[in-house]
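Scroll down for the structure; my scribbles are underneath it.
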Amino acid sequence: MVQLFSVRQARNGDYLLDAGLSESEVEALSACAEWTATYPLQRVKKGRRLEAICPMVSPSIAADAMHFTVDRIDDSGNLESIDELLLRNAKAFHRIDPGDDPRLRCLVVVIPGARGQRLLDATHPDREIKNELLCQGILVGEFFPSCPFATTFNPRLFALRSPAPMYVLRPFIEGDWRFICKVSAWQQTYRARFGEPPARLRHLGSPLWRLKEKFRWRIEALRRRFEPGFSASPSSPDEPISD
């Protein structure tokens, strides 16, 4: 059974020790809980607007719909162990009471000692686990200290760099087209669940958009090679879009 902690409990090291967690687990979990409950609330410019990095975090905490757990993976290179971890925690995610708004349900799975790249390898589009979770109505995000993905609204804001490696499970919603549009299998799952994406997002994932993305990626690769200090924009054709 996955052991779930509220935000308040996860930020309390003494409580976590009393709950039977090891010191390394307590350190990672409490640090991630503190970061998750504070960092995404910072207000930043998004176009002409000024709003929180993630506007859903505050309502989720207020509804007591955000929970934390700590888990371990086999670090020998066996990605199936990460599949098992995600499916195990998906069941726990569905047990969380979201209150009046199902969109506020959130489960943060902290994985002390894991290599961040392993988290990305496990949910790579060539593997099935991410789509399996999408079919369950769950979007999973990868967070770790050196995460290379910037936000879509600011290429200099790397908002996925958590204190320790962790997966975040949250509801798969209609506005998530921009996160899954690069993978045809994920597009199919989206359309089966929601139909066509909103008009304002429909151009994302189109053949013309893909061509432009590939061209942009090649230009940035050349600039990285010949221009020392060049900072590329958030994503390449094979990388997920982050917000």
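The values are calculated or read from the model by the stated rules, or taken from the named source; none is laboratory data. Keep in mind that this is a model prediction, so the values were computed, not measured. Heads up, the Cβs are rebuilt from the backbone with ideal geometry, glycines too, and the neighbour counts pull from every protein chain shown.
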> Quick one: which of Arg223, Arg218, Arg156 is over 26 Å from Ala122 (Cβ atoms), in a loop (DSSP other than H, G, I, E, B) and either at pLDDT 55 or above or over 19 Å from the mean Cα position of the chain (by Cα) (or both)?
Replying inline: Arg156
> When you scan the stretch 109-119, how many residues do you find that are more than 13 Å from Leu86 (Cβ to Cβ) and part of a strand (DSSP E or B)?
Replying inline: 1
>> Restricting to the stretch 94-152, count the residues that are of a type in the set (Lys, Arg) and in contact with a strand residue (DSSP E or B) (Cβ under 8 Å, 6 or more places away or on another chain).
In response: 3
> Of all residues in the stretch 169-178, how many are in contact (Cβ under 8 Å) with a residue 40 or more places away in the chain and either surrounded by fewer than 20 Cβ atoms within 10 Å (Cβ to Cβ) or assigned to a loop (DSSP other than H, G, I, E, B) (or both)?
Replying inline: 3
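Do you know which of the residues in the stretch 54-81 that are at pLDDT below 95 and hydrophobic (A, V, I, L, M, F, W, C) is surrounded by the fewest Cβ atoms within 10 Å (Cβ to Cβ)?
Leu79
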> For Ile61, all conditions in the list (1) assigned to a strand (DSSP E or B); (2) under 20 Å from the mean Cα position of the chain (by Cα) hold save one; what is the number of the exception?
Replying inline: (1)
> Can you pull out the residues in the stretch 120-142 that are buried (at least 22 other Cβ atoms within 10 Å of the Cβ), closer than 15 Å to Leu85 by Cβ and among the aliphatic types (A, V, I, L, M)?
Replying inline: Ala122, Leu133, Val140
> Would you pick out the residues in the stretch 90-108 that are among the basic types (Lys, Arg), touching a Phe, Trp or Tyr at 6+ places or on another chain (Cβ under 9 Å) and outside any loop (DSSP other than H, G, I, E, B)?
Replying inline: none
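Here is a yes/no grid of residues against (1) touching a Leu at 6+ places or on another chain (Cβ under 9 Å); (2) without any contact (Cβ under 8 Å) to a residue 40 or more places away in the chain; (3) among the β-branched types (Val, Ile, Thr):
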site: Ala19; (1), (2), (3): no, yes, no
site: Val26; (1), (2), (3): yes, yes, yes
site: Thr36; (1), (2), (3): no, no, yes
site: Leu41; (1), (2), (3): no, yes, no
site: Arg48; (1), (2), (3): no, yes, no
site: Ser60; (1), (2), (3): yes, no, no
site: Asn78; (1), (2), (3): no, yes, no
>> Criterion first (of a type in the set (Asp, Glu), over 20 Å from the mean Cα position of the chain (by Cα) and modelled with pLDDT under 85) does Glu213 satisfy it?
In response: yes
